[in-house]
Each structure stands twice: as structure tokens, then as C-alpha cells.
1. Rg/Rh for the range 17-106 to two decimals, with Rh computed the Kirkwood way over all alpha-carbon pairs.
2. Between beta-carbons, use under 12 Å as the cut-off and find the net charge around A18, counting Lys and Arg +1, Asp and Glu -1.
3. Quick check: net charge around L179, other residues with Cβ under 13 Å of its Cβ, Lys/Arg +1 and Asp/Glu -1?
4. Return the sequence-ordered ³J(HN,Hα) values of the range 136-143 in whole Hz as given by the Karplus equation 6.51 cos²θ - 1.76 cosθ + 1.60 applied to θ = phi - 60°, using x for Gly and Pro.
5. Using the Cβ atoms and a cut-off under 12 Å, what net charge is assigned to the surroundings of H191, where Lys and Arg are +1 and Asp and Glu are -1?
Amino acid sequence: MTTATISYVPTDATHGTADLLLGINNGDQAAWDELLRRYGKIVSATVRSFRLQEADALDATQTTWLRLAENAERVQFPERLGGWLATTARRECLRILRQAKLRQNCTDVAPETISDPSPGPEKHVIDASTARMLRKLIDELPPRRRTLMRMLFSDNSYSYGTIARITGIPLGGIGPTRLRALRELRNKLGHHQVGLGA
């Protein structure tokens, strides 16, 4: 197997990367689009080198971009962002491979007896009330985020390709956009004193 050399920092990317990172911290979609243009091939090539199944490869790619969204303000050397993204993508791929191996090893273990997990009537009322509030708050999100959240948490299973086509969000932008939408919902729910898990 031959190993291709990946140029981690495109020549046009060294100038302005710090500004782009600042932009994504402020929710600037144009900054995300530019970072995806500059570094999308690096992330894709790194993930492809692990030969994961398509769903796992998409997860690794999305999680890599999500890690950037979570850590953009802490990037100390913007000129090395390509290397940071490649390293992050490799770690995500290795994590997915480890989890797959653990799942494979766990298939021989007999399941334990579990008590009835059915919630009582009080829990149904609370869950229904929370669901209504969440639907109302999702309706208040900006249009792209609103559509994304509805598709991600629909009973129907949509592929990322379908979500990207319908919402107009690039494949690599779905994870970061989801993160921003969840943060916005968490803030809104905080005003209503309702918790939303990470």
C-alpha cells in the first residue's frame, strides 16, 4: 500500500486562517464554507485512508469538524490547522475502529436480565410537555437550523447527503451547524428552566 503525501497547509490558506477561526466562533457561515473549501480534502483523504464503512467515514468526518467547532478559539497555531484537522480525523477513525472491535467482542456475552424500563404516567406527561416546548423552540430557530434539527430528529432516517441537499448546508457543515443549533436550544431551554443533554 502506497502512502500519499498530504500537504497540510494549502499555500493560499496561511493568510487569514486566524480570521476564519474567529469567524466560525461568531457563527459566520461564510467562514465555515471557506475552511471547508481549504481543508475539506485533507479531512476526506485522511478518513478515506482508513477504509471505513460509509456511515463510519461520515461520522469521522462530521466529528472532526465538530471538534474544530468546539475548539476553534483554542487553536494556538492557525497556520498548522491542516495538520490539526488531519490528526483529529485520524484519532476519530481509530476511535471508531476500536468501538467496532469492542462491539464485535461483546456479541459473545449473554445479555443481563433487565427490569421493565417502561416509564410511569407522570413521566409520560413530563416528556410530552418537554417535547411540545422543544418543538416550539425549534420553530424559533433560523430557517436552516430549524430544518436541520427537524430532519436529524425525525422518525424518518435521512442520509447526510439528503440533509445537505435540502438544507443547503455542505456535508462538512452539518455537524457544526447542529452544534450551534443545540447550543441555541440549550440557551432557550435554560430560560424555561428545562435541561437539555449535551
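1. On the way: Rg = 13.9 Å, Rh = 13.6 Å.
Rg divided by Rh gives 1.03.
2. On the way: positive: R80; negative: D19, E73, E79.
Overall, the nearby charge balance is -2.
3. On the way: positive: R67, R145, R178, R180, R183, R186; negative: E70, E184.
Charge balance near L179 sits at +4.
4. 3J(HN,Hα) across the range 136-143, in whole Hz: 5, 5, 5, 4, 8, 5, x, x.
5. Details: positive: R186, K188; negative: E140, E184.
Within the 12 Å Cβ shell, the charges total 0.
Any read-out appearing in this document is the output of simple, stated calculations on the displayed coordinates, not a laboratory observation. Computed from a predicted model, the values in this text were never measured in an experiment. Cβ atoms come from the backbone with ideal geometry, glycine included; neighbour counts cover every protein chain shown.
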